[in-house]
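J.: This is the structure, below, for whatever I ask next.
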Amino acid sequence: MGKLGFIGLGVMGTPMAAHLAAAGHDVSGFDLNADARAKLEAAGGRAAADVADAVAGAEVVITMLPDHPQVEQVVLAPGGVLDAVAPGTLLADMSTIRPETSIAVAEAGAAKGIRVLDAPVSGGQAGAEEAALSIMVGGEAADFAVARPLFEVFGKTIVHVGPHGAGQVVKAANQLVVGGVYGLVAEAIVLLEASGVDAGTGLDVLAGGLAGSRILELKRKSMVAREFKPGFRIDLHHKDMGIALAAARQADVALPLTGLVAQLVAAGRSMGYGSLDHSALLKVVEELSGR
Ligand code: NAD
C-alpha cells in the first residue's frame, strides 16, 4: 500500500494511526493540535503542515474527526481532501456523523472520481489501543475490499453493512445500546450503594451472569471508584444520541428508551459533565436520587 493520509489524531485517531505506522505504512497525519501531531511523529508517522499536505499523493485517506461540521470542513471545503487528492483515491471517514452527511460526502467524492466509505468504529479508546475495534462500513463492496486490509491493522470485527450511510446507521444503533447499558449500570450502582451493599462486589456477580457485558467488564471498577477521565466524552455521546433520534425519525419508528437515554445524556451536559467520560452518567443518576 502506498502513502496514507490521516486527519484527526485525537483519542481514537492517534492509536489508529500509530498502528498503521507500526505495520509499516507510510502515514502522513494532520491535526489542529500540535501535541497530537508530535505523538504521530513519535509513533513513526510524519506530521503534515495542513490537510492538503497530509493527503497529497495518498492512495487512501482516513478521517477521524468529532462531528459532521469538522468532516465537512476537512473533506468538502476549498483546499480540503477532495480538492487535494487525485481521482481514484479512497477516503474512509471513520468519524461518527449523521448518515446524510456520509451520503453527501460520497456523492461529492463520486463527482470527482474519489471513492468514499463511511466506516465508524466501536470499541472505545481501549479498542483502538488494543487494535480490537469493530468497524461498520457503508459503501461499495469493491471499495470495502480495498480498505479491509488497512482496517485489519486496528480492527477485529470488520463488516460491510450496506450502501453509503449504512455504517452510520449501524453506529447509531450501537450508541443507543451503549448509552442504555451505561444508564442501567449507573442505576445498579446507585441501588446497591443506597441499600448498603458493596457495589464492586455486586457488579462482579453481574459481570459473570446474563447481565454481563463489555461495559461491565471494562468499566465497572472505574465507575465504582468515580474515575471519569475520557475515554468517550459525554459531549460526543450527546451528539450520537441526536444522530440516533434523527435516524429514528427518518425511518419513522418509535424508540422510547433511546429518547430517555438521550435525556439522561443531555442532563449530563447541562450539569457540566460534558467533558467527562460517558460512564459519568452515574453522576446524573446519583443527582436524580439526591445522592
Ligand atoms: P477527539 O476529540 O479526541 O479527536 C478529534 C480530533 O480531531 C482532535 O484531536 C481535534 O483536534 C481534531 N480536529 C478537529 N477538527 C479538525 C480539523 N478541522 N482539522 C484537523 N483536525 C481536527 O475525538 P475522538 O474521541 O478521537 O473521536 C473521534 C470520532 O470517533 C468521533 O466522531 C467519535 O464520536 C468517534 N468515536 C470515539 C470513540 C471514543 O471512545 N473516544 C469511540 C468510537 C467512536
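The values are calculated or read from the model by the stated rules, or taken from the named source; none is laboratory data. The shown structure was predicted, so the numbers you read here are calculated from the model rather than taken from an experiment. Here Cβ is always computed from backbone atoms with ideal geometry, including for glycine, and neighbour counts include all displayed protein chains.
J.: Among what's in the range 2-17 and is outside any loop (DSSP other than H, G, I, E, B) and of a type outside the set (A, V, I, L, M), pick the residue that is nearest to Val85 (Cα to Cα). Spell out the reasoning first.
T.: Let us first name the residues in the range 2-17 that are outside any loop (DSSP other than H, G, I, E, B), namely 4-7, 13-17.
After this cut, where a residue has to be of a type outside the set (A, V, I, L, M) as well, the list is 5-6, 13-15.
Values: Gly5: 10, Phe6: 13, Gly13: 20, Thr14: 22, Pro15: 24 Å.
Filtering the range 2-17 for residues that are outside any loop (DSSP other than H, G, I, E, B) and of a type outside the set (A, V, I, L, M), the one nearest to Val85 (Cα to Cα) comes out as Gly5.
J.: Scan the range 209-229 and give yes if some residue there is among the hydrophobic types (A, V, I, L, M, F, W, C), within 15 Å of the ligand (Cβ to nearest atom) and modelled with pLDDT of 95 or more, otherwise no.
T.: If we filter the range 209-229 for residues that are among the hydrophobic types (A, V, I, L, M, F, W, C), which is where we start, we get 210-211, 215-216, 218, 223-225, 228.
Add one more test, that the residue is within 15 Å of the ligand (Cβ to nearest atom), and what stays is 215, 218, 228.
Add one more test, that the residue is modelled with pLDDT of 95 or more, and what stays is 215, 228.
For the range 209-229, residues among the hydrophobic types (A, V, I, L, M, F, W, C), within 15 Å of the ligand (Cβ to nearest atom) and modelled with pLDDT of 95 or more: present.
J.: With respect to the numbered conditions (1) hydroxyl-bearing (Ser, Thr, Tyr); (2) in contact with a strand residue (DSSP E or B) (Cβ under 6 Å, 6 or more places away or on another chain); (3) away from the ligand (no atom under 14 Å from the Cβ), which one is the sole condition not fulfilled by Thr89?
T.: (2)
J.: Also: Answer with yes or no whether Ala244 is closer than 24 Å to Val170 by Cα and not assigned by TED's automatic domain parsing to the domain that holds Ile97. Let's see the steps before the verdict.
T.: Working: closer than 24 Å to Val170 by Cα: yes; not assigned by TED's automatic domain parsing to the domain that holds Ile97: yes.
It is true that Ala244 is closer than 24 Å to Val170 by Cα and not assigned by TED's automatic domain parsing to the domain that holds Ile97.
J.: Ok, one more. Which residue out of Ala126, Ala119 is within 14 Å of the ligand (Cβ to nearest atom), within 20 Å of Leu236 (Cβ to Cβ), hydrophobic (A, V, I, L, M, F, W, C) and modelled with pLDDT under 95? Steps first, please.
T.: Details: Ala119 fails: modelled with pLDDT under 95.
Exactly one residue qualifies, and that residue is Ala126.
J.: Sticking with this one: Write out, first by first residue and then by second, each pair whose Cβ atoms fall under 9 Å of each other, whose residues are 6+ apart or on separate chains, and whose first residue, in the range 56-72, is at positive phi while the second is more than 9 Å from the ligand (Cβ to nearest atom).
T.: Sorted first by the residue in the range 56-72, then by its partner, the pairs are Gly57/Gly2; Gly57/Lys3; Gly57/Gly5; Gly57/Ser28; Gly57/Val85; Gly57/Ala86.
J.: Suppose we filter Gly268, Gly231 for residues that are on the phi > 0 side of the Ramachandran plot and not assigned by TED's automatic domain parsing to the domain that holds Ser95; which single one remains? Reasoning before the result, please.
T.: Numbers: Gly268 fails: on the phi > 0 side of the Ramachandran plot.
After applying the criteria, what remains is Gly231.
J.: Can you pull out the residues in the range 95-127 that are closer than 18 Å to Ile7 by Cβ and in contact with a Gly (Cβ under 8 Å, 6 or more places away or on another chain)?
T.: Ser95, Ser102, Ala106, Ile114, Arg115, Val116, Leu117, Asp118, Ala119, Pro120, Val121
J.: Hey, another quick one. Within the set of pairs 6+ apart or on separate chains, which have a first residue in the range 262-291 that is under 14 Å from Met223 (Cβ atoms), a second that is of a type in the set (Asp, Glu) and in a helix (DSSP H, G or I), and C-beta atoms under 7 Å apart?
T.: Val285/Glu187
Residue-wise test of (1) in a loop (DSSP other than H, G, I, E, B); (2) touching a His at 6+ places or on another chain (Cβ under 8 Å).
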site	(1), (2)
Ala54	no, no
Val61	no, no
Ala86	yes, no
Thr96	yes, no
Ala106	no, yes
Ala110	no, no
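J.: Quick test for you: out of Asp26, Asp31, pick the one residue that is farther than 24 Å from Gly138 by Cα, surrounded by fewer than 23 Cβ atoms within 10 Å (Cβ to Cβ) and not hydrophobic (A, V, I, L, M, F, W, C). Talk me through it step by step, then tell me what you get.
T.: Working: Asp31 fails: surrounded by fewer than 23 Cβ atoms within 10 Å (Cβ to Cβ).
Answer to the check: Asp26.
J.: Among the helices (runs of 4 or more DSSP H) confined wholly to the range 113-222, which include 3 or more residues that are under 15 Å from the mean Cα position of the chain (by Cα)? Before the answer, list the steps.
T.: Details: elements: 124-129, 141-154, 166-194, 199-208.
Counting at least 3 such residues, we get 124-129, 166-194.
J.: Could you count how many residues in the range 96-116 are near the ligand (Cβ under 10 Å from one of its atoms) and either in contact with a strand residue (DSSP E or B) (Cβ under 6 Å, 6 or more places away or on another chain) or assigned by TED's automatic domain parsing to the domain that holds Arg233 (or both)? Quick ask: steps written out before the conclusion?
T.: Looking only at the range 96-116, we keep the residues that are near the ligand (Cβ under 10 Å from one of its atoms), and these are 96-97.
Checking which are either in contact with a strand residue (DSSP E or B) (Cβ under 6 Å, 6 or more places away or on another chain) or assigned by TED's automatic domain parsing to the domain that holds Arg233 (or both) leaves us with none.
Qualifying residue count for the region: 0.
J.: Which of the residues that make up the range 234-266 are surrounded by fewer than 14 Cβ atoms within 10 Å (Cβ to Cβ), hydrophobic (A, V, I, L, M, F, W, C) and not in a helix (DSSP H, G or I)?
T.: If the condition is that a residue be surrounded by fewer than 14 Cβ atoms within 10 Å (Cβ to Cβ), hydrophobic (A, V, I, L, M, F, W, C) and not in a helix (DSSP H, G or I), then Val253, Ala254 are the ones that fit.
J.: If you don't mind, there's one more thing I want to ask. Just give me the residues in the range 129-147 being surrounded by 23 or more Cβ atoms within 10 Å (Cβ to Cβ) and under 17 Å from Phe232 (Cα atoms), in sequence order.
T.: Leu133, Ile135
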